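Asker: Following this message is one structure expressed as structure tokens.
The values are calculated or read from the model by the stated rules, or taken from the named source; none is laboratory data. The model shown is predicted, which means the values in this text are computed figures rather than measured ones. Because the Cβ atoms are built from the backbone with ideal geometry, glycine has one as well, and the counts that use them run over all protein chains shown. Accessible surface areas use protein heavy atoms only, side chains included; no ligands, DNA or RNA. Shrake-Rupley method; radii C 1.70, N 1.55, O 1.52, S 1.80 Å.
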Amino acid sequence: MARDLKVIRTTRPAGTHDFASKLAAHGLALARASRVEIFQVNVGKLCNQACKHCHVDASPARTEIMSGEVAGQVVEALKEFRFPTLDITGGAPELNPSFRRMVAEARALGTRVMVRHNLTVMFEPGQEDLPEFFRAHSVEVVSSLPYFLEQQTDAQRGRGVFDKSIEALRRLNSVGYGAEGGGLVLNLVYNPAGAFLPPKQAAVEADFKRELLARYGLRFNSLYTITNMPIRRFLEYLRRTGNEERYMRRLVEAFNPAAVEGLMCRNTLSVDWTGRLYDCDFNQMLELGVPEGLPRTLSELDAASFAGRPVSVGPHCFGCTAGAGSSCGGATAGG
Amino acid sequence: MAYYEEEDLGRFKEVGKHRPDLFEKFMAWYEACQEDGALSRREKALIGLAVAHALQCPYCIDAYSQSCLESGSNMEQMTEAIHMASALRGGAALIHALQAHNSVDKVSM
């Protein structure tokens, strides 16, 4: 299923799309909230899939994964700063040997834990019990499913991914995930299967709920729409297909000032596999660190110092402010 | 040079260079038509796609293909809309067979 893609060096979109000037033109400034709510930890780029839209360039060929020592620093940071939510991402985070320990220790501290789970990883050796592990620790599962039809899903995520994803959702449902009011949260993520903006979140969530139930008897809680970011592997796709300029123009034209307030970079602190700190996972992949004067690594972390500070921005930020807005929790301006 | 250039779609506002008052009135009406109302934006985008095919306007086909995707339609739904437009165009041509019948009947014994 997973095709080894070479590591793509393409990082930033071309052109002079100045996000900071756009904010200023609307009288807006992008500053952090008073506290960090979400501690988003990327435990590495190793993945069993190699999706065409992946902003991480994750694949089975990647070797960059968080060490046990850095994972220990993550837990220490949770103990010290009591971030309400730990959002674990990758790659496929479950493939990191420290993953289960990090989840268990974070939950023991009372931290809400979300895992960006790609569904198919539960069919990898040693991962078969993931649904039971997630249930045992009341993990919130967030899973990408680009569409409720095979063609669009496999086009983005690789041949055979749709069938495996449906089977994985069955397993998660069977242990109690996705039932309304059941307490075990299963949220899905919709990414457009191409160079266009996501539909309205509420409308496409209703489509997914109706179709997944009718076709496969599957249930989930909420659906997040996330815009494809013009960086790394998706940017390479845009360039290969002659869509870069058109897509960037679309993002800039669709700039929505109302989407700015809810941007995830305002209340999220992102950590990479080496322990470096960023304003978001996208900045992390561009190696665009937090602004000067702020702690740069986990070992220097002082969460209070981020309050009210500016966020590092670039042309890719237009991806999060287009249309209804986009964040790791979906639309930011009313889907 | 081709008669139709993809980039020209983004230059639409240049039509307002002359008589901008008329163009602004058109744009206000056009944009108001797109909004959610008794019909959803998605339904309106599918109607737009069908009409674009009936008119065979490349700019409109390009714009409404994108609108359909961004309002959550898939290719099955879009293709059904295109078949609706095509069927109407086919039917509209075919019913004129009666004109031919009438014409032939008039001059036949």
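Asker: Please determine whether any residue of segment B:45-65 is open to solvent by 30 Å² or more (accessible area, probe 1.4 Å), in contact with a Ser or Thr (Cβ under 7 Å, 6 or more places away or on another chain), within 13 Å of chain A (Cβ to nearest Cβ) and part of a helix (DSSP H, G or I).
Answerer: yes
Asker: Just a yes or no: is a residue in segment A:246-266 of a type in the set (A, V, I, L, M), within 15 Å of the chain's Cα centre (by Cα) and assigned to a helix (DSSP H, G or I)?
Answerer: Just the residues of segment A:246-266 that are of a type in the set (A, V, I, L, M), to begin with: A:248, A:251-252, A:254, A:258-260, A:263-264.
Right, trim to within 15 Å of the chain's Cα centre (by Cα) and you get A:263-264.
After this cut, where a residue has to be assigned to a helix (DSSP H, G or I) as well, the list is A:264.
Scanning segment A:246-266 turns up at least one residue that is of a type in the set (A, V, I, L, M), within 15 Å of the chain's Cα centre (by Cα) and assigned to a helix (DSSP H, G or I).
Asker: Moving to a separate point now. Please specify each residue of segment A:72-108 satisfying the condition of being open to solvent by 20 Å² or more (accessible area, probe 1.4 Å), within 19 Å of A:VAL185 (Cβ to Cβ) and in contact with a strand residue (DSSP E or B) (Cβ under 9 Å, 6 or more places away or on another chain).
Answerer: A:PRO84, A:ARG107
Asker: Filter segment A:143-178 for residues that are among the β-branched types (Val, Ile, Thr) and within 17 Å of A:ASP129 (Cα to Cα); which is nearest to the other protein chains (Cβ to nearest Cβ)? Walk me through it before giving the result.
Answerer: Within segment A:143-178, the subset among the β-branched types (Val, Ile, Thr) is A:153, A:161, A:166, A:175.
Then drop every residue that is not within 17 Å of A:ASP129 (Cα to Cα), which leaves A:166, A:175.
Numbers: A:ILE166: 17, A:VAL175: 30 Å.
Restricting to residues being among the β-branched types (Val, Ile, Thr) and within 17 Å of A:ASP129 (Cα to Cα), the top hit is A:ILE166.
Asker: Another one. Can we say A:LEU288 is surrounded by 15 or more Cβ atoms within 10 Å (Cβ to Cβ) and farther than 20 Å from A:ASP87 by Cβ?
Answerer: No.
Asker: Would you say B:SER73 is outside any helix (DSSP H, G or I), within 14 Å of chain A (Cβ to nearest Cβ) and modelled with pLDDT of 95 or more?
Answerer: yes
Asker: Could you check segment A:132-165 and list, in sequence order, the residues that are of a type outside the set (Ser, Thr, Tyr) and in a strand (DSSP E or B)?
Answerer: A:GLU140, A:VAL141, A:VAL142
Asker: Looking at segment A:291-302, can you tell me whether even one residue there is within 15 Å of A:ALA33 (Cβ to Cβ) and either within 18 Å of the chain's Cα centre (by Cα) or exposed (fewer than 14 other Cβ atoms within 10 Å of the Cβ) (or both)?
Answerer: Checking segment A:291-302: not a single residue is within 15 Å of A:ALA33 (Cβ to Cβ) and either within 18 Å of the chain's Cα centre (by Cα) or exposed (fewer than 14 other Cβ atoms within 10 Å of the Cβ) (or both).
Asker: Which of (1) at pLDDT 95 or above; (2) under 29 Å from A:VAL204 (Cβ atoms) is the odd one out, the single condition B:CYS57 does not satisfy?
Answerer: It fails just one condition, (1).
Asker: Follow-up question, since we're still on this one. Could you list, in sequence order, the residues of segment A:250-279 that are within 14 Å of chain B (Cβ to nearest Cβ) and open to solvent by 10 Å² or more (accessible area, probe 1.4 Å)?
Answerer: A:ARG250, A:VAL252, A:GLU253, A:ALA254, A:ASN256
Asker: Would you check if there is a residue in segment B:81-88 being without any contact (Cβ under 8 Å) to a residue 60 or more places away in the chain, away from every other protein chain (no Cβ under 14 Å) and open to solvent by less than 40 Å² (accessible area, probe 1.4 Å)?
Answerer: Yes.
Asker: Within the group A:GLU69, A:GLU132, A:GLU64, which residue is surrounded by fewer than 23 Cβ atoms within 10 Å (Cβ to Cβ) and within 27 Å of A:TYR237 (Cα to Cα)?
Answerer: Testing whether each residue is surrounded by fewer than 23 Cβ atoms within 10 Å (Cβ to Cβ) and within 27 Å of A:TYR237 (Cα to Cα) leaves just A:GLU64.
Asker: Next up: Name the pairs whose Cβ atoms lie under 6 Å apart, with the first residue in segment A:124-136 and of a type in the set (S, T, N, Q), the second assigned to a helix (DSSP H, G or I), and 6 or more positions between them or separate chains?
Answerer: A:GLN127/A:GLU94; A:GLN127/A:VAL121
Asker: Failed condition for B:TYR4, given (1) open to solvent by 60 Å² or more (accessible area, probe 1.4 Å); (2) assigned to a helix (DSSP H, G or I); (3) away from every other protein chain (no Cβ under 14 Å), with all others met?
Answerer: If we test B:TYR4 against (1) open to solvent by 60 Å² or more (accessible area, probe 1.4 Å); (2) assigned to a helix (DSSP H, G or I); (3) away from every other protein chain (no Cβ under 14 Å), just (2) comes out false.
Asker: Can you name the residue in segment B:7-39 that is touching a Lys or Arg at 6+ places or on another chain (Cβ under 9 Å) and open to solvent by less than 70 Å² (accessible area, probe 1.4 Å) and, of all such residues, is nearest to the other protein chains (Cβ to nearest Cβ)?
Answerer: Filtering segment B:7-39 for residues that are touching a Lys or Arg at 6+ places or on another chain (Cβ under 9 Å) and open to solvent by less than 70 Å² (accessible area, probe 1.4 Å), the one nearest to the other protein chains (Cβ to nearest Cβ) comes out as B:GLY10.
Asker: Looking only at segment A:314-321, decide whether some residue is at negative phi and open to solvent by 40 Å² or more (accessible area, probe 1.4 Å).
Answerer: Pass one, segment A:314-321, residues at negative phi: A:314-321.
Now narrow it down to the ones that are open to solvent by 40 Å² or more (accessible area, probe 1.4 Å): none.
The answer is no; no qualifying residue exists.
Asker: Looking at (1) open to solvent by less than 40 Å² (accessible area, probe 1.4 Å); (2) out of contact with any strand residue (DSSP E or B) (no Cβ under 9 Å at 6 or more places or on another chain); (3) away from chain B (no Cβ under 14 Å), which is the one condition that is false for A:PHE196?
Answerer: It is condition (3) that A:PHE196 fails.
Asker: Given the residues A:TYR237, A:TYR224, A:TYR190, which is the only one that is more than 13 Å from chain B (Cβ to nearest Cβ) and closer than 26 Å to A:SER138 by Cβ?
Answerer: Only one candidate qualifies: A:TYR224.
Asker: Hey, another quick one. Inside segment A:207-245, can you point out the residues that are open to solvent by 50 Å² or more (accessible area, probe 1.4 Å), under 23 Å from the mean Cα position of the chain (by Cα) and closer than 18 Å to A:LEU149 by Cα?
Answerer: Across segment A:207-245, the qualifying residues are A:LYS209, A:ARG219.
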